[in-house]
1. Given only helices, namely DSSP H runs of n ≥ 4 each adding -39500 (n - 2.57), what is the per-residue ellipticity at 222 nm of the protein assembly as shown, to the nearest 500 deg cm²/dmol?
2. Over the range B:2-324, calculate the relative contact order: mean separation of alpha carbon pairs under 8 Å at least 6 apart, over the residue count, as a percent.
3. Can you grab the distance from the C-alpha centre of the range B:205-244 to the C-alpha centre of the range C:130-176, Å, no decimals?
4. Could you calculate the contour length gain from C:K190 to C:K219, that is, 0.36 nm times the residue separation minus the distance between their Cα atoms, to one decimal place in nm?
5. If I model a spin label as a point 7 Å beyond the Cα along the Cα-Cβ vector, how far apart are those points for A:E177 and B:D206 in nm?
6. If one takes the longest principal axis of the Cα atoms in chain C, at what angle in degrees, from 0 to 90 and to the nearest 10, does the Cα axis of helix C:166-179 lie?
7. As I understand it, the dipole of chain C uses +1 on the Cβ of Lys and Arg and -1 on the Cβ of Asp and Glu, about the Cα centre. Which of C:H407, C:G342, C:S47 lies farthest toward its positive end?
8. Once both axes come from the Cα atoms, what is the angle between helix C:46-64 and the longest principal axis of chain C, in degrees from 0 to 90, rounded to 10?
Amino acid sequence: MTLFLQAVADGLQMGLLYALVAVGLAIIWGLMEMINFAHGEFMMLGMFGAWGLSVWLGWDPLISMVPIAVVMYGLGVLVYRLLMQRVQRGEVFTQIFATVGLFFFIQNGVVALFTSDYRFVDKSLLTGLSGVNLTVGGIRIGVPLLVGGLIALGLFLMLYLLIDRTDFGLALQATAEDRDAAMLVGIRPQRMYAVAWGLGTALVAVAGVILANFFSVYPQAGLSFTVLAYAIVALGGFGSVLGTLLAALLVGVVQSVTAAYLPPAFKDAFVFGSYILIGLFRPQGLFGRF
Amino acid sequence: MAWVVAALVALLYPIPFERSGQIYYETVGFLVLLNAMLGIGWNIIGGWAGQFDFGPSIFLAIGAYAAALLSIHLGWNAWLALLGAVVVSVALCAALTYPVTRLRGHYFAIATVAMWMIAQPIGATWRFINGSQGLFIPVAPGAGFVHGMLTMEFAGRGKGLGFYYLSLGLFVLTLLGARAVERSKLGFYFRAVRDDQDGAEAIGIDSRLYKVIARCLMAAVFAAGGTLYGFWALAVFPDQVLDVNWNILPMMAAVVGGLGRLWGPALGAIVLIPISQVMTTTLGSGPLAGRGIDLIIYGAVIMLIAGWRPNGLLSLPWAAWAARFRARAPAPVAKG
Amino acid sequence: MRNLRIIAAVAVLSFVAIQWSPGARAAGPITEVLIGELLPLTGNFASLGQQYLWAGQTVEDIVNNDYPDLSVPLGPGKGFPGLGGAKMTLVVRDDQSRGEQARTLAEQLITVNKVHWLNGEGTSGNTSIIQPLVESYGIPMSCHPCASPTLTEKGFKWFYRTGPNDGTMVASVFQFLREWPSHGGPSDLKTIALFTCDNLFCQDNRKIALELSEKGGYKIVADLTTKTGATTLASEVQRLQAANPDVLFLVQYPAETTVFQADLKRANYMPKVIATSNGAYSDQTWLTAQKPSAGAAGWLGRDPTAIDLASKKPAWKKVNEIYKKYSRGQDMGELAMREITGMLWMADTINRAKSVDPAALAKAANETDMKPDMMIIDYKGIKFDKNRQNELATGVVTQIGWDDEKHTIWPWDLATQAGFKPIYPSPSWQERESRSKK
């Protein structure tokens, strides 16, 4: 029984980290419906940012989170204005195609600058706490992961309030639902998309900064998290921030519990299998609006 | 007239390289034709039926493995194995796809990704296909060119030329098949589902059925491509046949050329693959090697093409150019 | 119509131009020996490929420049003396870790660039994809760090490997474990768990380890395979902890090993013995990253050379200095050492053949009998068996000590020379914490 409960606890902790990665995608894709092949690369840039600032300036990632978020917001807006805005004129597949190009460009740009070596953030608050656990009823909860998880929850709350409770958020939703109607009431869709890209990119970069405390930093680091992030946003349902969070927790738990009892090589397969199963009964994910 | 020129170029292309011994260029041609063929297959579900399919590589893998197993364990000839691979692939596609056609749009997209993600550990651990240690297709030694064309087994140097013509043949077959589908009722139903699924259902078109048919036509093409790939590489490894590039390169070729256009994938493949080869062999080598410069430029080129011609390169005024030397009225350009 | 004529003219001219493009080999004496370097420089295996590239560049430097005091083949003197001073030129290609790219570029190197020898691909899987092709063109080919035994078991006549294969490597670790009790080690190691990744390299190792475990009378208490790219291994750690093996046999890449170590730490679990076979243990960056936390103290695995002893060899030191010019200051890891040794052997073979004709190269290669004193590595020599596998490619077993360096613990004569007492059992996390705050 302890094995099972511990696996659930571990899964919830990882789920919060996955939620952190998925939250940026929830805006760009979940809300604005733009597929971004390069999402994981922005996360990787966040990781490198955290590593770089830690090595060159000695900044703790919890601090460098803020300047990195600002810079990456700018990058997201730039990418939208220079590239995505243009490709929106064409087929939706062209958008995907464009982000494939972005993927190659960013990943190999980092390879060119930094090589493919594995790097690590050595000195930070969270790495210093790396073995520290809280034990609740025989179940171990790692403190650094807990901190990461709390940050994720905080960002989710902020995002939820932004999207559901502010005028700006309503404008975003309106643009996503019906662009032409939104224009009729005076919303400028281009501006909404640009901000969405900025926000989404900033959020996933922050996820990278936090993850740099736990994982090695290298140019190909984005991939494993990205695929899960896509599954999570779709499972939660498009347009639902709460759905993304719950889906992330579910994914973490499925992954963790199946790895504890079944062949571990299949743990991601079970996650995706769950997606298909749930999708058969709820074609719009858990809480999808469209 | 344009057809004759294109056919002549395609048929004669490898000859100068055969003479100069630079077989590599024939292999580039093979890759172009293989990806063009896969692109046409993908176009059926992506361009015509308008569904997002990001996991077509599973059918390439199923095809490659089925053909390899039939060849190794039952000794089947490569062409028979190809047919077997197509049958297996279509059957599996129908079984897997029908349930998920409940999902629409991006949800369906993730379902195709999910199938790909599930296929990976199966490929890596399933004893029957030797898991990650791969299957190797033995080649009988000393066979000539004609024998090679009949069995896809070329001993020695005929390989480059042989596989070029094999891929050309399969490409033409796929093109003709796709053209037939495009002009048939099937093509009409696919486009109806893409343009307005609810409207199509309202007039009695079973959108789920046609999505499945479209995807299974693609699965057939990918299985054939997978067979061809297997006999070319002589080894089928799970991480190679399920590689992410098989998911995106056919789609890219279709998009670059012009989504939904019959010749789109061919044009896209002719543009994308030589560019990536040239860059790999120049920028990816020598003192700049290992820095990924060639891929940076490749990414930049893709972004440029996407930004400059979001509707694909076929949206350039080819029709006007073609109309200049056609005696009859220009044939209606199939609108995507 | 005019457009069409122009296009046609351009096409014809291009065809003609390609016929005369560079790459057609000029007749006459060879001034340049072309070595094809086909490596995964981007993609999944990039961190391996870049070490092989640096190794190749090191060898190119050694051959082409005069290092009078360097006692490795072709150290002194410029170029290939047997070919009138011809220089060695690497023709590098990146296959992005993809099989069909590897095969296509191999064909390019052979038929367009007309390389005289193909070195690559660096990983066993892609190397096996290019083997039939190179065989059909009949030029020599080598992959020194490729460890899959199948590469030399399929009867290819042109494929040479100077490095050991997984069979030898895993066997040396098990031999150490078997002989350890009679050399002061624990005699109660009865259970073993296997923890491997799911790709070709890891699974090859796992198969051999399973065989050797049964032969050695171990009880296999867990056999877990994980997918590469894992984001968490917490449940797997739980399962291993519950199985409580005496020996954990680990074959994982650096990224997954790091995740595993973090999860081990959280669970406060450490098996008594951690034995590895390549993977992270062979990766220089992973090793360096262990230093701040003493995270790898006590880990043991196979190495091609007794690093602690070899670094006293002047030749090793000199080669390392040259290597660091290309690797941006990173020391030679064990993979680079295997590759450098193999490529120096290749250069020596070309030199002995006094020709770039494939038949002459093959003859010189088959006749190889290189003695250990000319190598920076601890093989017993280079001599090929009938499958063109170096039968003298042995190695040592090392363990990482508290000083974060590898120390030789087997074979016993070298271990005595190295003077290091193996750490047993593997230190707990508390011990690591306290000792790393030095």
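Since every read-out is calculated from the coordinates, none of them should be taken as a lab result. Keep in mind the model is a prediction, meaning the values are calculated, not measured. For neighbour counting, all protein chains shown are included, and Cβ atoms are generated from backbone atoms with ideal geometry for every residue, glycine included.
1. On the way: 43 runs with 623 residues, N = 1064.
Result for the protein assembly as shown: -19000 deg cm²/dmol, rounded to the nearest 500.
2. Values: 504 pairs, mean separation 100.3, N = 323.
Relative contact order here is 31 percent.
3. Cα centroid of the range B:205-244 versus Cα centroid of the range C:130-176: 32 Å apart.
4. Answer, rounded to one decimal: 9.8 nm.
5. Result for the modelled spin labels: 3.5 nm.
6. So the helix axis and the longest Cα principal axis differ by about 20 degrees.
7. C:S47
8. Once rounded, the angle reads 60 degrees.
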